[in-house]
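Mind looking over this structure? Questions follow.
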Amino acid sequence: MLTIADLSARVAGKAILNGLDLAIGAGEVHAIMGPNGSGKSTLAQVLAGRADYEVTGGTVSFDGRDLLAMPPEERARAGLFLGFQYPVEIPGVNNVYLLKAALNAKRKAAGEPEVDAYEFLALIKEKMKFMNMSEGFLTRGVNEGFSGGEKKRNEILQMLVLEPKLAILDETDSGLDIDALKVVSKGVNSLRDAKRAILLVTHYQRLLDYVVPDRVHVLSGGRIVKSGDKALALELERRGYDWLTESRVA
Amino acid sequence: MTAGVRKALPAEESRTELRAGSMERFHRLGVPTARDESWRYTNLRSLDTGRFAETLGAPAGPVSARSWLDPEALLPTIVVVNGHLVAGAGLQWLPPEIESFKISRLKDLSHKESEDIECRFPAFSDAERHRFALLNSALSPDTLHVQVLGAAAAPLLIVHLTVGGRPEAAAHPRVLIEAAPGARATVIEHHIAEPEAAAAAAALCNSVTRITLAAGAAIDHYRLFSTAPDATHFDTLEVRQAGDSCCRQFTAALGGGLVRTTLEARLEAPGASLDSRALLVGHESRHVDCVALAVHAAPHTLSRQTARAIASGESRVIFNSTARVEAGARGAESQQSFRGLLMSPRAEIDSRPQLEIHADEVKCAHGATTGRLDPDMLFYLLSRGIDPATAQSLLVYAFLADVLGAVPLPEARRAIENALISQLPDSQLLRKFR
């Protein structure tokens, strides 16, 4: 599904990713953990195609295609979804317009007809109910005046509507209370199947209690320094990150 | 140049003191130059002042002048061609019985009557700002007088058109609106583009509208400019407000080559309030210069000035707003909010919100920002599969929503949105999802 080889990238002239390797297969859930500044969010943004993140080396293959050669909107249409750490507010652009435009862009790229207006509304309402969202959401601007938790829920709602092949969730769990965390996790788990892959970027182990990963990776200094199964997340929770970064120096 | 203008005064009318006086003042002041403070950003050197030598005549036959604000022709409509009140789609220039309005043209009244009406609309004192209004006073061929007597159910639409633009002539439409105590109405003035076939020379129009609101009156006034890309337009709007009157003014510059709009409102008694909103769209090489002044001449008056400007291509948009609180106008409140959006490296936006406060205990706030589209918002939309052109037009649309959303008449809002969208880059999705 996704193969990252020797990926390096810099932001504002500063090298953040330094030869990162990672492979995620269909049906897998991977978690990337790591201390602040280790490059977790940079990896997410680079994969989604943010223009001011400069790729300086390496390759990324997504579903057999050269991901780095694709502009961001094509990546999205090809089935890559980024759930933002800080979803931006766009007053004046209605949530439903955005969702419908996004879904139709994807369908068009796949050679499918545009979604029927009534079917679409029914779909949105069903997903909103699943995500415990109020109907007031339908008339509001994108993330306009949303609380942190509502913004994250909206990211998951978008993901559920767009049904991506690869979802990258950048600290979707941060700033959530336990109830919101459960709802968000429910949303993520509902998308898990043999054809899809999910990459969770997170700071904390607690999300992984609800969305159990197949693999856990530790990112430090712009590279994966350790990989393991769910037990690694628990070990990180207990011991912190220092033992890994120190052993690397040694 | 001014000698040519003087020649244009019809002999029998030059005896009218008002006209002669206006002409004399214009003659003394001359055409504004960059040295005139409120004309700093609009250079008139290339304006052929010889065009003020003659005033365009009335068209020979009926003229088809349809506003896209009212495609079904549902609103009572008055058509003004070259400043002359003419028969539009109907046979009479004045549609029969418009409820709550009394409408006349000064040409049909006696000299005394028309002078009495004009005297009820004295010009504002600031001659520098109102240079072209002087010229209009001197040269307008007729005046539309609109009295609002009660609560009008339907809006009155005034469609302005400049046709047969000969290179040596200009149009000087003039509208006086008088709202009786407690009266309420919506008046829409739409300056439309000349049908292409008729365009002999670029249109030059110098329009004036004066509105007086008696105590407790409420007027929604719209002025929309969607003239041809080579048209030049000077528009002066003056509003006088008595106690507890409310004026909501909406200006939209959506067309024309050079559009200079002036709004001056005087809040003359306690409780008067003005809410002015402007939507200024710079497109291709258009030049839009919008000047607004709210004068708080009495205590407890309220003004709000909001403008959103967007400039693409090589266009330039200027927004120059002032709130002036005169001595003794304690408890006055004013807000000015301006936001500009630059869509091209060659476009330019200038804004100057100003406050002149000569009283104590007032609440005044102003803010102005100009920038480009927010890259975070743009990336968010791209990351959802929206193509760059559509993402851009969505954000532009969203940027203007503050002003558009405040247009109280839904049909007008929709029509303005449609006109606006046609000037934004690729907007197919927008049309579909609105």
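Go over the candidates A:D52, A:D63 one by one and state the one that is modelled with pLDDT under 95, surrounded by fewer than 17 Cβ atoms within 10 Å (Cβ to Cβ) and more than 14 Å from chain B (Cβ to nearest Cβ). Show your work before the answer.
Working: A:D52 fails: more than 14 Å from chain B (Cβ to nearest Cβ).
After ruling out the rest, the residue left standing is A:D63.
Being over 13 Å from the mean Cα position of the chain (by Cα) and open to solvent by less than 10 Å² (accessible area, probe 1.4 Å) narrows it down to one of B:G243, B:G255, B:G282, B:G271, so name that one. Spell out the reasoning first.
Working: B:G243 fails: open to solvent by less than 10 Å² (accessible area, probe 1.4 Å); B:G255 fails: over 13 Å from the mean Cα position of the chain (by Cα); B:G271 fails: open to solvent by less than 10 Å² (accessible area, probe 1.4 Å).
Testing whether each residue is over 13 Å from the mean Cα position of the chain (by Cα) and open to solvent by less than 10 Å² (accessible area, probe 1.4 Å) leaves just B:G282.
Which one of these is under 19 Å from B:S315 (Cβ atoms), in contact (Cβ under 8 Å) with a residue 24 or more places away in the chain and either within 21 Å of the chain's Cα centre (by Cα) or within 11 Å of chain A (Cβ to nearest Cβ) (or both): B:R346, B:R352?
Details: B:R346 fails: either within 21 Å of the chain's Cα centre (by Cα) or within 11 Å of chain A (Cβ to nearest Cβ) (or both).
None of the other options fit; the residue is B:R352.
What pairs can you find where one residue is in segment B:356-375 and within 14 Å of chain A (Cβ to nearest Cβ) and touching a residue at least 24 places away in the same chain (Cβ under 8 Å), the other is open to solvent by less than 90 Å² (accessible area, probe 1.4 Å) and of a type in the set (G, A, S), and their Cβ atoms are less than 9 Å apart, with a gap of 6+ or different chains?
B:L373/B:A391
Might you check whether a residue that is within 30 Å of B:S64 (Cβ to Cβ) and either out of contact with any Lys or Arg (no Cβ under 7 Å at 6 or more places or on another chain) or outside any strand (DSSP E or B) (or both) occurs anywhere in segment B:236-243? Please lay out each step first, then the result.
Residues of segment B:236-243 within 30 Å of B:S64 (Cβ to Cβ): B:236-237.
Add one more test, that the residue is either out of contact with any Lys or Arg (no Cβ under 7 Å at 6 or more places or on another chain) or outside any strand (DSSP E or B) (or both), and what stays is B:236.
Scanning segment B:236-243, I find at least one residue that is within 30 Å of B:S64 (Cβ to Cβ) and either out of contact with any Lys or Arg (no Cβ under 7 Å at 6 or more places or on another chain) or outside any strand (DSSP E or B) (or both), so the answer is yes.
I'm told A:L47 meets every condition in (1) within 14 Å of chain B (Cβ to nearest Cβ); (2) open to solvent by 50 Å² or more (accessible area, probe 1.4 Å); (3) not small (G, A, S) except one. Can you identify the failing condition by its number?
A:L47 satisfies all of (1) within 14 Å of chain B (Cβ to nearest Cβ); (2) open to solvent by 50 Å² or more (accessible area, probe 1.4 Å); (3) not small (G, A, S) except (2).
So which residues in segment A:143-155 are out of contact with any Phe, Trp or Tyr (no Cβ under 8 Å at 6 or more places or on another chain) and farther than 11 Å from A:G175 by Cβ?
If the condition is that a residue be out of contact with any Phe, Trp or Tyr (no Cβ under 8 Å at 6 or more places or on another chain) and farther than 11 Å from A:G175 by Cβ, then A:N143, A:E144, A:G145, A:F146, A:R153 are the ones that fit.
While we're on this one: Among the numbered conditions (1) away from every other protein chain (no Cβ under 14 Å); (2) of a type in the set (A, V, I, L, M, F, W, C); (3) out of contact with any helix residue (DSSP H, G or I) (no Cβ under 6 Å at 6 or more places or on another chain), tell me where A:L80 comes up short.
Unmet condition: (1).
This table checks each residue for (1) at pLDDT below 90; (2) closer than 15 Å to B:R51 by Cβ.
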position	(1), (2)
B:E128	yes, no
B:S137	yes, no
B:H145	no, no
B:V148	no, no
B:A152	no, no
B:L156	no, no
B:H160	no, no
B:G165	yes, yes
B:E168	yes, yes
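Pull up segment B:399-413, narrow it to residues that are open to solvent by 10 Å² or more (accessible area, probe 1.4 Å) and in a helix (DSSP H, G or I), then point me to the one that is nearest to the other protein chains (Cβ to nearest Cβ). Walk me through it before giving the result.
The initial filter retains those residues of segment B:399-413 that are open to solvent by 10 Å² or more (accessible area, probe 1.4 Å), namely B:399, B:401-402, B:405-406, B:408-411, B:413.
Checking which are in a helix (DSSP H, G or I) leaves us with B:399, B:401-402, B:410-411, B:413.
Values: B:F399: 7, B:A401: 3, B:D402: 8, B:P410: 16, B:E411: 20, B:R413: 14 Å.
The qualifying residue nearest to the other protein chains (Cβ to nearest Cβ) is B:A401.
I would also like to ask the following. Look through segment B:382-392, keep the residues that are of a type in the set (A, V, I, L, M) and closer than 20 Å to B:S344 by Cα, and return whichever of them is farthest from the other protein chains (Cβ to nearest Cβ). Show your work before the answer.
Within segment B:382-392, the first condition is being of a type in the set (A, V, I, L, M), and the residues that meet it are B:382, B:386, B:389, B:391.
Add one more test, that the residue is closer than 20 Å to B:S344 by Cα, and what stays is B:382, B:389, B:391.
Details: B:L382: 4, B:A389: 10, B:A391: 8 Å.
Looking at residues that are of a type in the set (A, V, I, L, M) and closer than 20 Å to B:S344 by Cα, I get B:A389.
Could you say which residue among B:L224, B:L204 is over 20 Å from B:L157 (Cβ atoms) and touching a residue at least 60 places away in the same chain (Cβ under 8 Å)?
B:L204
Step by step: first the residues of segment B:144-179, then only those that are in a loop (DSSP other than H, G, I, E, B) and open to solvent by less than 30 Å² (accessible area, probe 1.4 Å), then the one that is farthest from B:L47 (Cα to Cα). Which residue is that?
B:G150
Condition (residue is without any contact (Cβ under 8 Å) to a residue 24 or more places away in the chain, open to solvent by 40 Å² or more (accessible area, probe 1.4 Å) and over 18 Å from A:Q85 (Cβ atoms)) applied to segment A:186-193: is it met by at least one residue?
yes
Here's another thing I want to ask about it. Among the residues of segment A:117-131, is there at least one that is facing chain B (nearest Cβ under 9 Å), within 22 Å of the chain's Cα centre (by Cα) and not small (G, A, S)?
Of segment A:117-131, the ones facing chain B (nearest Cβ under 9 Å) are none.
Within segment A:117-131, not a single residue is facing chain B (nearest Cβ under 9 Å), within 22 Å of the chain's Cα centre (by Cα) and not small (G, A, S).
Conditions tested, residue by residue: (1) outside any helix (DSSP H, G or I); (2) touching a Phe, Trp or Tyr at 6+ places or on another chain (Cβ under 6 Å); (3) touching a residue at least 24 places away in the same chain (Cβ under 8 Å).
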| site | (1), (2), (3) |
| --- | --- |
| A:Q205 | yes, no, yes |
| A:D209 | no, no, no |
| A:V212 | yes, no, yes |
| A:E237 | no, no, yes |
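Quick one: in segment B:359-377, which of the residues that are surrounded by fewer than 15 Cβ atoms within 10 Å (Cβ to Cβ) and touching a strand residue (DSSP E or B) at 6+ places or on another chain (Cβ under 6 Å) is farthest from B:A329 (Cα to Cα)?
It comes out as B:R372.
Give the residue, chosen from A:A23, A:A9, that is buried (at least 17 other Cβ atoms within 10 Å of the Cβ), at pLDDT 95 or above and away from every other protein chain (no Cβ under 14 Å).
Details: A:A23 fails: buried (at least 17 other Cβ atoms within 10 Å of the Cβ).
Being buried (at least 17 other Cβ atoms within 10 Å of the Cβ), at pLDDT 95 or above and away from every other protein chain (no Cβ under 14 Å) holds for just one of A:A23, A:A9, which is A:A9.
Just the residues that are more than 21 Å from A:D177 (Cα to Cα) and either open to solvent by less than 20 Å² (accessible area, probe 1.4 Å) or within 14 Å of another protein chain (Cβ to nearest Cβ) (or both), please, taken from segment A:132-159.
Listed by number, the residues that qualify are A:L138, A:T139, A:R140, A:G141, A:V142.
Taking segment B:320-342 only, how many residues are in contact with a Pro (Cβ under 7 Å, 6 or more places away or on another chain) and more than 17 Å from B:H296 (Cβ to Cβ)?
1
Further, regarding this structure: Restricting attention to segment A:123-132, which residues are touching an Asp or Glu at 6+ places or on another chain (Cβ under 9 Å) and at pLDDT 90 or above?
From segment A:123-132, those touching an Asp or Glu at 6+ places or on another chain (Cβ under 9 Å) are A:125, A:128, A:132; that's our starting set.
Those that are touching an Asp or Glu at 6+ places or on another chain (Cβ under 9 Å) and at pLDDT 90 or above: A:K125, A:M128.
Enumerate the pairs (first residue in segment B:399-410 and free of Cβ contacts under 8 Å to residues at least 60 places away in the same chain; second residue anywhere and crowded, with 17+ Cβ neighbours inside 10 Å) with beta-carbon separation below 6 Å, excluding pairs fewer than 6 apart on the same chain, so at least 6 apart or on different chains.
B:A401/A:G92
For A:K108, state whether it is open to solvent by 10 Å² or more (accessible area, probe 1.4 Å) and away from chain B (no Cβ under 14 Å).
On the way: open to solvent by 10 Å² or more (accessible area, probe 1.4 Å): yes; away from chain B (no Cβ under 14 Å): no.
The answer is no for A:K108.
Going by the structure shown, is B:V325 open to solvent by less than 20 Å² (accessible area, probe 1.4 Å) and at pLDDT 95 or above? Give the derivation first.
On the way: open to solvent by less than 20 Å² (accessible area, probe 1.4 Å): yes; at pLDDT 95 or above: yes.
Yes, satisfied.
Here is a check on your reading of the model: is B:G313 among the small types (G, A, S), surrounded by fewer than 21 Cβ atoms within 10 Å (Cβ to Cβ) and in contact with a Gly (Cβ under 8 Å, 6 or more places away or on another chain)?
Working: among the small types (G, A, S): yes; surrounded by fewer than 21 Cβ atoms within 10 Å (Cβ to Cβ): yes; in contact with a Gly (Cβ under 8 Å, 6 or more places away or on another chain): yes.
Yes: the conditions hold for B:G313.
Of all residues in segment A:83-104, which are among the small types (G, A, S), crowded, with 23+ Cβ neighbours inside 10 Å and facing chain B (nearest Cβ under 8 Å)?
Of segment A:83-104, the ones among the small types (G, A, S) are A:83, A:92, A:101-102.
Now drop any that are not crowded, with 23+ Cβ neighbours inside 10 Å, which leaves A:83, A:101.
If the condition is that a residue be among the small types (G, A, S), crowded, with 23+ Cβ neighbours inside 10 Å and facing chain B (nearest Cβ under 8 Å), then A:A101 is the only one that fits.
Sticking with this structure for a sec: Applying the selection to segment A:214-235, what residues are part of a loop (DSSP other than H, G, I, E, B) and over 22 Å from A:G37 (Cβ atoms)?
Step one: of segment A:214-235, the residues part of a loop (DSSP other than H, G, I, E, B) are A:214, A:221-222, A:229.
Of everything in segment A:214-235, those that are part of a loop (DSSP other than H, G, I, E, B) and over 22 Å from A:G37 (Cβ atoms) turn out to be A:D214, A:D229.
The values are calculated or read from the model by the stated rules, or taken from the named source; none is laboratory data. In this text the structure is predicted, and so the values were computed from the model without any measurement. Here the Cβ is made from the backbone with ideal geometry for all residues, glycine too, and neighbour counts use every protein chain on show. Side chains included, ligands, DNA and RNA excluded: accessible areas come from the protein's heavy atoms. Shrake-Rupley method; radii C 1.70, N 1.55, O 1.52, S 1.80 Å.
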